[in-house]
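After the structure tokens below, expect a handful of questions from me.
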Amino acid sequence: MELAGRAAIVTGGGRGIGRGIALALAEAGADVAINYRRDEAAAKEVVEQIEGMGRRAFSAQCDVTDADAVDAMVAGVDAAFGKLDLLVSNAGIASRGQLLADTEVSEMRRVIDTHVFGAFHFFQAALPRLRKNDRSDVIVISSVSPHRTPPGHGPYAVAKAGLEAMAKVLAKEERRHGMRVNIIAAGVVETDLGRRLVKFNLGDELENVVSQFPFGRACQPEDVANLCVFLASDKGSYITGHTIFLDGGDGIGAMKQG
Ligand code: NDP
């Protein structure tokens, strides 16, 4: 198994893309810790599935915007797995599709706080542990949004741009410690958040527009998860500091470009 003996954290691993990643890492042999904000039942179900595969797993209620809660969650990995060598920074939220002119300061802060400071808190808590290994990996889940900058994506595009810049700096700073840091920039992925993004941007349900997407389908959590497994495996060991577009070759698919 590609990831046998690895110990991972997947933020927001209870639902959507994070759930797919957590299950795929475990299937590839890793022990996996996940955090959630509200949905305890979903997180517990993922932990049960991972344990059913014979791996170790735990979930913790931990808002990524709360640095103390993040420190406590990451420390929990020491006791549970004895090490940490893979961090997937995935937890995130959509914004409300408003024009920048109509975006409240509190909304801009909420989205940046979650995507940028949420990842920053996890980086800071995880780095001393990640550095202990000959090899470690950080994978950041971003979007095509900061590259395509469609109207209505102000807070989300700004937050993801900040997240990507931070990950690229990290890749350069930590390479001497054996760390690989990569970014997956996904197009619309079929999750609760993906459905909301389509509704905000196209005013329609995903099912009604999906035929216009590349290959006639939305990206699935499993597509993102498969790429995570590859990047963290021996086969991905010479890849770092990159943004990999997982968009079917079509940027933001059917989203309006203004
Ligand atoms: P979902 O809404 O399906 O799941 C989001 C997950 O993040 C949940 O597990 C949620 O926890 C967790 N979460 C959100 N905010 C916090 C917080 N403050 N603290 C802790 N956990 C939090 O979203 P997706 O799976 O679609 O999105 C995952 C990531 O992928 C996000 O970063 C998103 O921006 C990115 N992305 C998504 C795309 C899409 O089309 N779906 C496209 C490109 C990127 P809980 O279950 O407790 O609410």
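None of the figures in this text is laboratory data; all of them are computed from the coordinates on show. In this text the structure is predicted, and so the values were computed from the model without any measurement. Positions of Cβ are generated from backbone atoms using ideal geometry, with glycine treated the same way; all protein chains shown enter the neighbour counts.
Which residues, taken from the range 130-155, are within 24 Å of Ala22 (Cα to Cα), in contact (Cβ under 8 Å) with a residue 60 or more places away in the chain and not small (Gly, Ala, Ser)?
Residues satisfying the conditions are Arg135, Asp137, Ile139, Ile141, Val144.
Now for a different question. If you go through the range 1-25, how many residues are more than 7 Å from the ligand (Cβ to nearest atom) and not basic (Lys, Arg)?
Summing the residues that are more than 7 Å from the ligand (Cβ to nearest atom) and not basic (Lys, Arg) in the range 1-25 gives 15.
Separate question: Report yes if some residue within the range 2-9 is in contact (Cβ under 8 Å) with a residue 60 or more places away in the chain, more than 18 Å from the chain's Cα centre (by Cα) and surrounded by fewer than 24 Cβ atoms within 10 Å (Cβ to Cβ); otherwise report no.
Looking for residues that are in contact (Cβ under 8 Å) with a residue 60 or more places away in the chain, more than 18 Å from the chain's Cα centre (by Cα) and surrounded by fewer than 24 Cβ atoms within 10 Å (Cβ to Cβ), one finds at least one in the range 2-9, hence yes.
A follow-up question, please. Kindly state which helices (runs of 4 or more DSSP H) lie completely within the range 152-258 and contain at least 3 residues that are within 14 Å of the ligand (Cβ to nearest atom), more than 19 Å from the chain's Cα centre (by Cα) and not small (Gly, Ala, Ser).
Those helices (runs of 4 or more DSSP H) span 192-202.
Right, another one. Given the conditions (1) within 17 Å of the chain's Cα centre (by Cα); (2) closer than 15 Å to Arg37 by Cα, report the number of the one that Ala72 does not fulfil.
(1)
Name every residue in the range 203-240 that is surrounded by 16 or more Cβ atoms within 10 Å (Cβ to Cβ) and over 25 Å from Arg19 (Cβ atoms), in order of residue number.
Result: Thr240, single match.
Now for a different question. Give, as residue ranges, the helices (runs of 4 or more DSSP H) completely inside the range 26-125 that count at least 2 residues that are surrounded by 19 or more Cβ atoms within 10 Å (Cβ to Cβ), in contact (Cβ under 8 Å) with a residue 60 or more places away in the chain and more than 13 Å from the ligand (Cβ to nearest atom).
Answer list for the range 26-125: 67-81.
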